[in-house]
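Step one of this worksheet: look at the structure below.
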Amino acid sequence: MASETDAPTTWLQLRFTCDAAVAARLAEHLDGCGALAVSLDDAEDEPLYEPEPGSTPLWSSTRVSGLFPGEQSAAALLGELERRLAPERLPESGVEVLEDREWVRLHREGFEPTCFGGRLWVVPSWSEVPPLASGQVSMGMDPGLAFGTGAHPTTAMCLAWLAGERIEGREVIDYGCGSGVLAVAAAKLGAGRVWAVDNDPQALEATRDNAAANRVSDRLAICEPRDLPPLNVQLVVSNILANTLNTLAETLSMMLQPGGRVALAGILKHQSPSVISHFAPWCVLAPAAEQDDWVLLVGTRGDFGA
């Protein structure tokens, strides 16, 4: 086992700004060159509201960063990236050496223990679990490549909803699970079985890792939509986006038992009437929470439309 003295004392960060197509390939090449972490974020404050179903959207101007141990040569890494990306030209790069403490601070900034619904604590690995009141539970979750730590309003509203539902012993579907934060939360809150579903292999891998870290792997079934068996569950939560939810309205509704509960997020306020209308043949939905122009729709499956 490595000691703390084996860890690098400095880190080399390579940064590029490029269009979405180049960003996706560059992220793969950074990983292939041994980057310890790769991140992609918006370079020009451009919102992403409605990607196509099954896509992994990026911004038209995307900032790509790769983190390497400080002893590696920036020139050698840039040369290797240029070779891998050919015949395209390597975007203009920025190189920064970060002291260990500075990297830790940047990585952890903005991620502190947070309580949702008065019952569920989400705690990053570098923080102590707060003293838990009676009935409270905690789960560990760090920021990673697959989105979802509870920081985004849509995730926060779903976590609060799960914390307020009667979930013990029930079967739950998290459709579009991302990092698995909602699926793991459901298991920590006492669900008997949770189906974590996503068509992104990276998301499924992140969910497996987070389930293992929280010791709930035995209660999670992690799969792509095509591998999902016929189900009839008590709770469905889906934090995707409005257009995708509209497309999946019948699919998600049919997974619910009559009287089963559903929570839908990733919906802007002006999009909520459309989602309510698409689900109306099977589920009665209504806004349950709103944050930063995002709305959480919650409802119940009727005994009609079977």
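Give me the net charge of Arg89's neighbourhood, meaning all other residues with Cβ under 13 Å from the Cβ of Arg89; Lys, Arg count +1, Asp, Glu -1.
Here the charged neighbours net out to -1.
Roughly how big is the stretch 114-301's charge dipole about its Cα centre, with Cβ charges of +1 (Lys, Arg) and -1 (Asp, Glu), in debye to the nearest 20? Intermediate values should be presented prior to the final figure.
Details: 12 positive and 17 negative charges, 107 e Å.
Here the size comes out at about 520 debye.
What does the charge add up to near Arg261, with Lys and Arg as +1, Asp and Glu as -1, over the other residues with Cβ less than 10 Å from its Cβ?
The answer is +2.
Which FRET efficiency value, to the nearest 0.05, is calculated for Asp218 and Gln291 with the Förster distance at 35 angstrom and r the Cβ-Cβ distance? Don't skip to the answer; put the middle values down first.
Working: r = 33 Å, r/R0 = 0.95.
The computed FRET efficiency comes out at 0.60.
Describe numerically, in nm with one decimal, the distance between label points set 7 Å from Cα along Cα→Cβ at Arg166 and at Trp126.
A separation of 4.2 nm, rounded to one decimal place.
Need the full-extension length gain, Ala76 to Leu228, defined as separation in residues times 0.36 nm minus the C-alpha distance. One decimal, nm. Let's see the in-between values first.
Numbers: separation 152, 0.36 × 152 = 54.72 nm, distance 4.50 nm.
Full-extension gain reported as 50.2 nm.
How much length is gained on full extension from Arg208 to Glu250, taking 0.36 nm per residue of separation minus their Cα-Cα distance?
Computed gain between Arg208 and Glu250 is 12.4 nm.
In the neighborhood of Glu171, defined by Cβ-to-Cβ distances under 14 Å, what is the net charge if each Lys or Arg adds +1 and each Asp or Glu adds -1?
+3
Between Val236 and residues 5 or more places away or on another chain, which pairs have amide H atoms under 5 Å apart, with H built 1.01 Å from N, and which residues are they?
Excluding prolines and chain starts, which carry no amide H, the hits are Ile173, Arg261, Val262, Ala263.
For the stretch 187-306, what is one quarter of the convex hull surface built on the Cα atoms, given in nm²?
Numbers: hull surface 30.9 nm².
Reported value for the Cα convex hull: 7.7 nm².
At Ala21 and Val95, where each label point lies 7 Å from the Cα along Cα→Cβ, what is the point-to-point distance in nanometres?
For Ala21 paired with Val95, the spin-label model returns 2.9 nm.
Read-outs throughout are calculated quantities, based only on the coordinates presented, and are distinct from any laboratory measurement. Every value quoted in this text rests on a predicted model; they were computed, and no experiment measured them. Cβ: placed from backbone, ideal geometry, glycine included. Neighbour counts: every protein chain shown.
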